[in-house]
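Below is one structure; the comments refer to it alone.
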There are 2 protein chains.
Amino acid sequence: MKPQNIAIVGATGAVGVEILRVLERRNFPVASLKLLASARSVGKTLEFKGKPYKVEELKADAFKGCDIAFFSAGATRSREFVPAARAAGCVVVDNSSAFRMDPNTPLVVPEVNGGDLAKHNGVVANPNCTAAILSVAVWPIHQAAGVKRIIVSTYQSASGAGAAAMQELEDQARDFSAGKEIKRAVFPHQIAFNVFSHNTKVAENGYNEEENKVVEETRKMFHAPELPIAPTCIRVPVLRAHSEAITLELEKPLSPEEARAILAKAPGVKVVDDAAANHFPMPLEASGDLDVHVGRIRRDLSNPNGLMLWVAGDQLLKGAAWNAVQIAEELAKLSTKPMAAE
Amino acid sequence: MKPQNIAIVGATGAVGVEILRVLERRNFPVASLKLLASARSVGKTLEFKGKPYKVEELKADAFKGCDIAFFSAGATRSREFVPAARAAGCVVVDNSSAFRMDPNTPLVVPEVNGGDLAKHNGVVANPNCTAAILSVAVWPIHQAAGVKRIIVSTYQSASGAGAAAMQELEDQARDFSAGKEIKRAVFPHQIAFNVFSHNTKVAENGYNEEENKVVEETRKMFHAPELPIAPTCIRVPVLRAHSEAITLELEKPLSPEEARAILAKAPGVKVVDDAAANHFPMPLEASGDLDVHVGRIRRDLSNPNGLMLWVAGDQLLKGAAWNAVQIAEELAKLSTKPMAAE
């Protein structure tokens with residue numbers, strides 16, 4: 001891979017910091033590094049490979065000379081600054097929802113639809129964390145036996161809502177232990193020792209924004225625009241990594257043994273399925289791991305063509321930073337320049 | 001109701017204490033009260049309606065003169081001492097799994113199959129907490145539109161594993177906040193800031209004991225021995241009350257509006273379903289409540305005859321103590337003496 005000039009927009013956020021760490025961990029060939037954030041973070045310093053880098057203000061002229069820009073500062077910032085980055089000849093890997101459903105923007109999990117990367121037009125969208133983790137676990141089964149229907153219940157960690165939300169969970173747990181009053185600012189409900197329906201707006205169809213993203217983004221990545229998917233997205237008092245209980249309806253029967261063998265060979269998957277030791281995927285163990293952990297691989301007691309899975313994945317890594325860097329690795333292999341639209 | 005002579009076996013346990021509190025709260029007509037426990041609890045004193053009662057040792061001759069005995073000391077103790085209680089003319093409300101699947105023992109949630117109580121032969125079984133909460137929410141829908149299939153993912157609190165497990169969660173959260181090493185003794189995995197597959201043994205069919213109880217007990221209560229049910233039972237770091245994401249497949253379509261109207265009138269159900277305020281069932285709010293909270297009542301995006309629910313219920317109350325006292329209230333209305341088997 002040719003060394004790349006890299007910019008990170010939202011470098012001081014929960015995902016931005018993880019992108020830096022993953023670039024180090026993967027020994028990504030970084031020619032130059034520009035850390036961009038809002039005015040309030042300017043002056044802060046972040047380390048990359050032992051060297052300090054100053055955070056600069058995000059402005060439209062900041063992208064000159066960049067090859068790849070990671071955007072992780074929310075959809076509003078992406079809509080405002082991605083055009084400037086593209087105009088500067090930079091390929092954007094956008095972690096926000098801004099371009100995910102744009103028909104001209106590939107939405108990519110490399111293990112699932114890496115082939116779509118070649119069609120990019122200067123922007124590649126990184127999917128919603130829950131959809132990314134789901135798709136890594138379900139895609140190999142879909143390839144083998146055709147997934148006709150997905151029902152998924154999620155157990156989503158606080159850090160999915162950012163660093164402040166993770167801090168809120170820690171603060172609430174500490175105040176509870178000290179017998180103090182529990183305060184909240186980020187989440188609409190107490191998160192410590194509680195679970196609640198995902199804190200995004202509920203749409204007309206009765207599903208919240210997070211759930212509708214899971215449906216639409218999974219369909220787009222699977223190239224299956226009508227795939228029936230019914231999600232229930234729930235927050236749990238976990239700091240990091242999302243878990244998911246997944247029920248699949250298949251075109252043809254697949255035994256748990258066959259599914260286990262397929263998943264054991266699937267890229268990005270680690271099978272954690274030790275019934276004797278009662279050891280299955282857990283967010284604590286999946287935290288920090290690039291792979292999605294898959295276990296409780298078993299038949300669906302309610303459907304002969306069904307299969308059930310229990311999954312945990314680090315939503316800051318496979319659900320965000322790692323998937324973004326993985327896209328960048330693929331882009332660097334292909335070409336760092338945007339291609340013409342088809 | 002005629003005042004009843006009451007015994008509580010396992011009076012010092014998590015559920016035993018709750019039974020005492022519910023008897024007070026319901027102003028249950030208690031003529032006399034006997035608190036029984038293992039030798040190690042003898043000498044302890046518990047209060048009932050402001051008066052102290054000494055804990056006595058559980059022995060076979062302890063049940064003389066009792067009308068109703070609540071058993072909540074595990075299946076082994078129930079198997080050992082229930083025969084003595086029955087022989088003394090006492091009707092047993094058993095909270096353990098010992099007699100639940102016995103064809104001669106009714107397994108009862110009064111809102112679902114209260115009619116089965118009349119067939120008791122000296123013992124009535126109180127169902128598994130997860131099955132009890134599920135059945136209260138699903139039964140009214142089953143009556144209206146015929147439930148053909150149930151998929152359920154649970155979010156089960158620590159106290160479902162007893163008072164020591166609840167303490168373990170509190171201790172781990174406190175040690176985490178203090179930067180200390182986290183210890184565990186009750187659960188096989190860290191429960192604070194983590195979720196894991198239910199800590200019961202996984203059976204040959206790939207489902208753990210808790211999940212198999214949900215399947216078998218719901219079928220028995222619904223008088224639907226073949227009803228397809230696929231559960232995923234998960235522990236979450238919540239102190240009290242279980243939550244459940246439920247997907248139903250129905251004989252005929254039922255709109256969310258129709259389902260909401262049915263549930264609003266259903267006994268034992270409280271509809272908590274305010275999409276505008278993002279206010280849905282939560283274990284924190286369901287704790288201490290006798291009713292099962294039901295919300296996120298919506299169509300199943302993956303099935304035209306489907307319906308989805310999100311439920312929270314206090315597993316120490318509706319899932320244990322309150323259901324047991326409710327059974328006792330019904331028994332006291334019927335007769336306090338065992339009837340002959342049919």
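The values are calculated or read from the model by the stated rules, or taken from the named source; none is laboratory data. Since the model is a prediction, treat every value here as computed from it, not as a measurement. Every residue, glycine among them, receives a Cβ derived from its backbone with ideal geometry; neighbour counts consider all protein chains shown. Quick note on the areas: whole protein, heavy atoms, side chains included, nothing else; ligands and nucleic acids left out. Shrake-Rupley method; radii C 1.70, N 1.55, O 1.52, S 1.80 Å.
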Return the subset of B:Lys148/B:Lys318; A:Lys270/A:Lys318; B:Lys119/B:Lys220; B:Lys34/B:Lys59; A:Lys270/B:Lys183 for which the Cα-Cα distance in this structure is over 18 Å, preserving the input order.
B:Lys148/B:Lys318; A:Lys270/B:Lys183
Put one equal scatterer on each alpha carbon of the protein assembly as shown, apply the Debye formula with no solvent term, and list log10 I(q)/I(0) at q = 0.11 1/Å to two decimals.
-1.08
I'd like to know how segment B:1-89 sits against the 2.2 N^0.38 Å rule of thumb: what's its Cα Rg over that expected value?
1.00
Measure of size requested: the Rg and Dmax of segment A:70-204, with Cα atoms as the atom set and Å as the unit; please supply both.
18.7, 56
The farthest towards the positive end of the charge dipole of segment A:122-234, of the residues A:Cys233, A:Ala165, A:Ala132, given +1 on Cβ of Lys and Arg and -1 on Cβ of Asp and Glu, is A:Ala132
Tell me, rounded to the nearest percent, the portion of alpha carbon pairs in segment B:48-122 spaced more than 19 Å apart.
39 percent
Averaged over B:274-280, how many beta carbons belonging to a partner chain fall within 10 Å of each residue's beta carbon?
5
Sulfur and carbon atoms: percent of accessible area, segment B:131-315 [1.4 Å]
50 percent
Am I reading the A/B interface right? What is its buried accessible area, both sides, 1.4 Å probe, to the nearest 100 Å²?
4900 Å²
Whole-Hz couplings from phi, Karplus 6.51/-1.76/1.60, listed for segment B:96-106; x for Gly and Pro:
8, 8, 4, 10, 4, 9, 5, x, 8, 10, x
In nm to one decimal, list the spacings between the A:Lys64 label point and its equivalents in the other copies, with label points set 7 Å along Cα to Cβ, shortest first.
10.0
Treating the point 7 Å from Cα along Cα-beta-carbon as the label, what are the nm separations from B:Pro52 to the other copies, to one decimal?
6.7
Would you pull out the residues with amide H under 5 Å of A:Phe196's amide H, same chain only if 5 or more places away, H placed 1.01 Å from N?
A:Arg235
Innermost chain B residue relative to the axis carrying B onto A, by Cβ distance in angstrom:
B:Ser153, 2
Accessible area in square angstrom per residue, the protein assembly as shown, 1.4 angstrom probe
37 Å²
For B:204-211, what's the mean count of beta carbons from other chains sitting within 10 Å of each residue's beta carbon?
3
Taking chain A as a whole, which cysteines find no other cysteine Cβ under 4.7 angstrom from their Cβ?
A:Cys129, A:Cys233
Taking Rh as the Kirkwood radius, which is the inverse of the mean 1/r over Cα pairs, what is the Rg/Rh value for chain A?
0.97
Residue-ordered couplings for segment B:109-121, obtained by feeding phi - 60° into the Karplus form 6.51 cos²θ - 1.76 cosθ + 1.60 and rounding to whole Hz (Gly and Pro as x), are 10, x, 5, 9, 9, x, x, 5, 4, 4, 8, 5, 10
By accessible area (1.4 Å), largest first, A:Lys148, A:Lys54 order as A:Lys54, A:Lys148
Which length gain, in nm to one decimal place, applies between A:Glu226 and A:Lys44 when the Cα-Cα distance is subtracted from 0.36 nm times their residue separation?
60.9 nm
List the distances, in nm and shortest first, from the label point of A:Glu226 to the matching label points in every other copy, placing each point 7 Å from Cα along the Cα-to-Cβ direction.
3.1
How large is ³J(HN,Hα) for each residue in segment B:316-324, as worked out from phi by the Karplus curve 6.51 cos²θ - 1.76 cosθ + 1.60 (θ = phi - 60°), to whole Hz, x for Gly and Pro?
7, 9, 5, x, 7, 4, 5, 4, 5
Coordinate range along principal axes, alpha carbons of segment A:190-342, Å, largest first
51, 40, 34
Using amide H atoms built in the peptide plane, which far-off residues or other-chain residues are under 5 Å from A:Val124 H to H?
A:Val92, A:Val93, A:Asp94
